[in-house]
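Working notes, structure below.
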Number of protein chains: 2
Amino acid sequence: MNINQELSKLTLDLVNISSVSKDEKSIADSIAEALKKIGHLKITRVNNSIVAQTNFGNKQRVVIAGHIDTVPANNNFPGKINNSEVFGLGSVDMKSGIAVALKLASEITSSNYDVTYLFYESEEIETKFNGLELITKQQKDLLDCDFAILMEPTNGILEVGCQGSLRFEVSTSGKRSHSARWWNGENAIHKTNKILEILNNYKSREPEIDGHKFREGLQAVKVNGGIAGNVVPDSVTISINHRFAPDTSIDQATQNMKKLFKDFNFQLVDAANAAPTGLSNPLIKEFVSNIGKNVAPKFGWTDVARFANAGIPAINFGPGDPNLAHHPEEKVLISQINDVYESLKNWLTK
Amino acid sequence: MNINQELSKLTLDLVNISSVSKDEKSIADSIAEALKKIGHLKITRVNNSIVAQTNFGNKQRVVIAGHIDTVPANNNFPGKINNSEVFGLGSVDMKSGIAVALKLASEITSSNYDVTYLFYESEEIETKFNGLELITKQQKDLLDCDFAILMEPTNGILEVGCQGSLRFEVSTSGKRSHSARWWNGENAIHKTNKILEILNNYKSREPEIDGHKFREGLQAVKVNGGIAGNVVPDSVTISINHRFAPDTSIDQATQNMKKLFKDFNFQLVDAANAAPTGLSNPLIKEFVSNIGKNVAPKFGWTDVARFANAGIPAINFGPGDPNLAHHPEEKVLISQINDVYESLKNWLTK
């Protein structure tokens, strides 16, 4: 992998190094090898995550972070360049962002901030494997900084904070019987109409926070029930995903949901806190104003919440349309990759 | 296995020969071996089904039939005798009926009807394995008779005809999206409320046929949908089981259901015709009057429908509560086994 080529080709090279979560050794090796050649960086490896730090002697330090893993391929590996776009697995999420960070790491030899570039493993899977989580737990000093820029795809604009996510199951119970003598039973599937009524009547809350309108959500994501083709089922489980704005804690969100579904068995499955917008932090405010892009709330959950938990204000800024992440037609505009690169370079060296 | 012991012990012996569908060789061997010792029977084996025919020279012939397989064990194998009941897998469905038939075959050496005893394999699984179906297709002359008694559990009363069964799937479709940006999608689970509305508003038809009131049914038996915990699902399938009375054909029932669910994708999965009550047949009428038991419609589907398809009028009569069939607590009253035996013996030899 040659960092000294144009960003589109560097992105394609990164796409073509397979790095499905838990299988990031090759890409981590390539990144470490390339960065070690660069004199102004101090490289630390933690498992398959690579930390590269400048030491220009600035008072303030920013982390520029991106994950190097992808979800499994979906007929979109290897990638290709076609006119104005880079196609392929991870082109959006988030190897174009990694390409930008690598090029910044290589080319910026003096700047207004010291920079800690973080290329981390296993963001797409459970928290216990997440490279950022691992470093936060084991070598937190590697992340000492004033704020962080997370290069998750934002379509080239700035996205502040992120909504939290609650996953829970509600279930109905009935009485099993032979379906030929159904009057001896009580059909748990038929009873789910009351759950659907709640879902269909739900009105999304849209609180404005630091000038940005968030939008909560309540969506059934799975439904499962049934015993056999001739049995009235006695149990159905519906998995529901609730997205909540940064003014709400996990506890509050859980209480809200328990109240909403008070007539049903309720089982919390997992929960991830929201992240504040960070706009009360003067450095983030300055960054936003200097970059001069549109600012929107981040609806999806990202590792800015993990940074927030570690006490680090963070903001999302990266190339690529998040709606194309994890998509068979994943692709990113080359102009957007270049634009994000130029914006960050100008800000760092202005 | 010794046929010359009391019915309860013979039932227990049969229960204790494992004979889950497709694994009936042992029990078929035992039955064939025991019956071959009896001089007045002509034995024919078709795969793991045993046919035993008397040839007393009567003008009329009855088939007395029962299946020898069971569903898989459910903590109810081996069986036991406890006071007044035989417990265990198949005690109801239908080894107590098999015990009655074996004892009749052994002890009745002259009667008003010639009898063809049929002990057949694989009733509990797909039609293509069913021993009755196999003989009907390959050696139908073995089943030449005037009518048939099927010893499926009826709790010791007479049950006429059987309802038909239709299994079909209806599905909703939506548009997939990330659940954090749910407004880009269309939730197929949320849309199933319209299907549930139809199910919950369904009024069961209860036609009276030959003096017996049937009771149709419409029950969801399975529901399945969902992609992942963070995806608005674009498809949900609900499997529905419709039970219909003997005045309705499979075609009519299918048309009725297609009409009812006209707003949804509709996929027929399988269909089994209903069987008429048989009460227009003078021999069945005479049998019913002679046995002198309560008469009720059969709500569950049984192989009387398979007999009906082969042009053979048939009636259900056997020991055991059908609600305990396929049940971990499967058990049968010994008094009921004896009663069914005495009723059939008296009718055959009156």
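The values are calculated or read from the model by the stated rules, or taken from the named source; none is laboratory data. Treat the numbers as computed from the prediction; the structure is a model and nothing was measured. Heads up, the Cβs are rebuilt from the backbone with ideal geometry, glycines too, and the neighbour counts pull from every protein chain shown. Ligands, DNA and RNA are stripped out before the accessible areas are found, and what is left, the full protein with its side chains, is counted by its heavy atoms. Shrake-Rupley method; radii C 1.70, N 1.55, O 1.52, S 1.80 Å.
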Exercise for the section: Tell me the distances, shortest first, between A:TRP183 and the same position across the other copies, using label points 7 Å along Cα→Cβ, in nm to one decimal. Expected result: 5.0
Practice task
Please work out the Cα convex hull volume for the range A:256-323 and give it in Å³ per residue.
Solution key: 135 Å³
Exercise for the section: List, largest first, the extents of the alpha carbons of the range B:209-253 along their principal axes, each in whole Å. Expected result: 56, 19, 9
Exercise for the section: Let me know the charge dipole size of the range B:264-350 about its Cα centre in debye, to the nearest 20, where only the beta-carbon of Lys, Arg (+1) and Asp, Glu (-1) is charged. Expected result: 300 debye
Exercise for the section: Using only Cα atoms, tell me the angle between helix A:96-107 and the longest principal axis of chain A; keep it within 0 to 90° and round to the nearest 10. Expected result: 20 degrees
Practice task
Mind pulling the angle between the C-alpha long axis of helix A:282-291 and the longest principal axis of chain A? Nearest 10 degrees, somewhere in 0 to 90.
Solution key: 80 degrees
Handout entry: Helix-derived mean residue ellipticity, 222 nm - over chain B, DSSP H n ≥ 4, -39500 (n - 2.57), to 500
Key = -8000 deg cm²/dmol
Completion exercise
With +1 on the Cβ of every Lys and Arg and -1 on the Cβ of every Asp and Glu, the dipole magnitude of the range B:130-230 about its Cα centre, in debye rounded to the nearest 20, is 1040 debye
Practice task
Give the angle, between 0 and 90 degrees and rounded to the nearest 10, that separates the Cα long axis of helix A:334-349 from the longest principal axis of the Cα atoms of chain A.
Solution key: 60 degrees
Fill in the blank from the handout: Note on the range B:64-162: C-alpha Rg/Rh, Kirkwood Rh, two decimals, gives 0.98
Completion exercise
Quick calc, the protein assembly as shown, dipole around Cα centre from Cβ unit charges on Lys, Arg (+) and Asp, Glu (-), nearest 20 debye, gives 500 debye
Practice task
Quick one: plug the Kirkwood hydrodynamic radius of the range A:202-350 (C-alpha pairs) into Stokes-Einstein at 4 °C, 1.567 mPa s, and report D in µm²/s.
Solution key: 69 µm²/s
Practice task
Put a label point 7 Å from Cα along the Cβ direction on B:SER110, then list its distances to the equivalent points in the other copies in nm, shortest first.
Solution key: 12.5
Exercise for the section: Taking the dipole about the Cα centre of chain B, with the C-beta of Lys and Arg at +1 and of Asp and Glu at -1, give me whichever of B:ASN316, B:MET1, B:ASN187 is farthest to the positive side. Expected result: B:ASN187
Problem - Cα-based Rg and Dmax for chain A, where Dmax is the largest Cα-Cα distance (Å) - result: 22.9, 80
Exercise for the section: Could you work out the relative contact order of the range A:1-61, using alpha carbon pairs under 8 angstrom and six or more residues apart, expressed as a whole percent? Expected result: 22 percent
Exercise for the section: Would you mind getting the accessible area per residue of the range A:250-349, heavy atoms of the protein chains only, 1.4 Å probe, in Å²? Expected result: 45 Å²
Fill in the blank from the handout: Taking Rh as the Kirkwood radius computed over alpha-carbon pairs of the range B:1-136 and applying Stokes-Einstein at 25 °C with viscosity 0.890 mPa s, one gets a diffusion coefficient in µm² s⁻¹ of 163 µm²/s
Problem - Ellipsoid equivalent to the protein assembly as shown - semi-axes via the Cα gyration tensor, in Å - result: 72, 26, 21
Exercise for the section: Measure of size requested: the Rg and Dmax of the range A:154-268, with Cα atoms as the atom set and Å as the unit; please supply both. Expected result: 18.1, 61
Handout entry: Relative contact order (%) - criterion: Cα under 8 Å, at least six apart; region: chain A
Key = 24 percent
Exercise for the section: Just tell me how shielded B:212-219 is by partners: mean number of partner chain Cβ atoms within 10 Å of each residue's Cβ, no decimals. Expected result: 4
Fill in the blank from the handout: To the nearest Å², the heavy-atom accessible area per residue of the range B:128-188 with 1.4 Å probe amounts to 35 Å²
Exercise for the section: Could you estimate the translational diffusion coefficient of the range A:81-236 from the Stokes-Einstein equation, with Rh from the Kirkwood formula over C-alpha pairs, at 20 °C and 1.002 mPa s, in whole µm²/s? Expected result: 101 µm²/s
Completion exercise
Distances in nm between the label point of B:SER18 (7 Å along Cα→Cβ) and its equivalents in the other copies, shortest first, are 4.2
Problem - Fluctuation leader among B:VAL15, B:VAL221, B:VAL86 - chain B, Gaussian network, Cα springs under 10 angstrom - result: B:VAL221
Fill in the blank from the handout: the range A:105-182 and the range A:212-254 have their Cα centres apart by a whole-number Å value of 21 Å
Practice task
Using only the C-alpha atoms of the range A:305-350, find the volume of their convex hull and express it per residue in Å³.
Solution key: 81 Å³
Practice task
Give the Rg (one decimal place) followed by the Dmax (whole number) of the range B:1-69, computed from C-alpha coordinates and expressed in Å.
Solution key: 13.0, 38
Practice task
Could you pull out the pairs from A:LYS25/A:LYS222; A:LYS22/A:LYS95; B:LYS137/B:LYS345; A:LYS22/B:LYS175; A:LYS222/B:LYS203 whose alpha carbons sit more than 26 Å apart here?
Solution key: A:LYS25/A:LYS222; B:LYS137/B:LYS345; A:LYS22/B:LYS175; A:LYS222/B:LYS203
